[in-house]
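Asker: Have a look at the structure that comes next, please.
The values are calculated or read from the model by the stated rules, or taken from the named source; none is laboratory data. As the structure is a computational prediction, the values presented were derived from the model and not from experiment. All Cβ positions, glycine included, derive from the backbone under ideal geometry; neighbour counts span all protein chains shown. The accessibility values were calculated without ligands, DNA or RNA, using every heavy atom of the protein model including side chains. Shrake-Rupley method; radii C 1.70, N 1.55, O 1.52, S 1.80 Å.
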Amino acid sequence: MNASAQRRVAILISGGGSNMLALLRSMTGDHPARPCLVLSNDPQAAGLARARALGVPVAAVDHRPFGRDRAAFEAAVLPHLQAARADIIALAGFMRVLTADFVGRYTGRMLNIHPSLLPKYPGLNTHARAIAAGDAEAGCTVHEVTAELDAGPILGQARVPVLPGDSAQTLAARVLEQEHRLYPAVLRRFAAGDRTPVFL
Ligand code: GRF
C-alpha cells in the first residue's frame, strides 16, 4: 500500500506503553496504517524512550501545569496531533479523561483499550472487581471512544479465565498478554475500514 493511502496513527500513552509497543510492532509490511506520533501526558513515561528507540516521533505534554483545566491541556495536545497529521488516535494506557469536545474532533477515529469485558467494570480497578465478584472470566475490550467513559461501540474483546488464587496482579498480567494480541488485530481491521468486531 503506498504511503499516501496509509492511515496515520497517533498513540497516546501515560506509562510503560506495552500496548503502544505491540501496536508499533504490528504496523509493518502491508498493514494499512503507520505510526505518526507517540504522545504522553507524562514527560517521564518510559514508553516515550521505547517509541524513540523505534524511530517514531514522540512528544510530551505534561498535564500537571494545567491543573483541572482539561480543555487547556487538550489545547496543548491538539497541535501535536495536527502537525503529525494523525487520522486515527489510539489511546494505549492513557490515563487522562478527555473532554467531549476533544473526543468529538475524532469521532469514529479514536480507539481505546480497557482491561475488562465491557460493559462490565468501566473505570478503574477492573481486575480486583472481577475477582471480588467471583467472575469465572475476565478480559479486555477495544472500543471506539465517545464522550461517555469506557462506553463506545465495541471493536474487539479477548477473554481469559479467572483462576483460583488469582490476585489483581496475576489476573492483570494474564489480561495484558491478550491486550497485546487484541489491540493490533483490531487496529489492522479498523485501519482498513472494517469495523467488524474481533473476538479472541
Ligand atoms: C493496561 O492494563 C491497559 O489495559 C490500561 O493501561 C494498562 C497499562 O497499559 N489501559 P500499557 O502497558 O501502558 O500499554
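Asker: Select from the stretch 63-92 the residues that are more than 13 Å from Leu37 (Cα to Cα) and of a type in the set (Lys, Arg) and write down the one among them that is farthest from the ligand (Cβ to nearest atom).
Answerer: So, considering only residues that are more than 13 Å from Leu37 (Cα to Cα) and of a type in the set (Lys, Arg), the one farthest from the ligand (Cβ to nearest atom) is Arg68.
Asker: Continuing with this model, one more query. Quick check: anything in the stretch 20-34 open to solvent by 10 Å² or more (accessible area, probe 1.4 Å) and farther than 23 Å from Arg195 by Cα?
Answerer: No, that holds for no residue.
Asker: Out of the stretch 155-189, which residues are within 13 Å of the ligand (Cβ to nearest atom), open to solvent by 50 Å² or more (accessible area, probe 1.4 Å) and of a type in the set (D, E, K, R)?
Answerer: Hits for the stretch 155-189 are Arg174, Glu177, Arg181.
Asker: Scan the stretch 6-18 and report the pairs whose first residue is part of a strand (DSSP E or B) and whose second residue is open to solvent by 10 Å² or more (accessible area, probe 1.4 Å) and near the ligand (Cβ under 6 Å from one of its atoms), with Cβ atoms within less than 7 Å and a gap of 6+ or a chain change.
Answerer: These pairs meet every condition: Ile13/Gly93.
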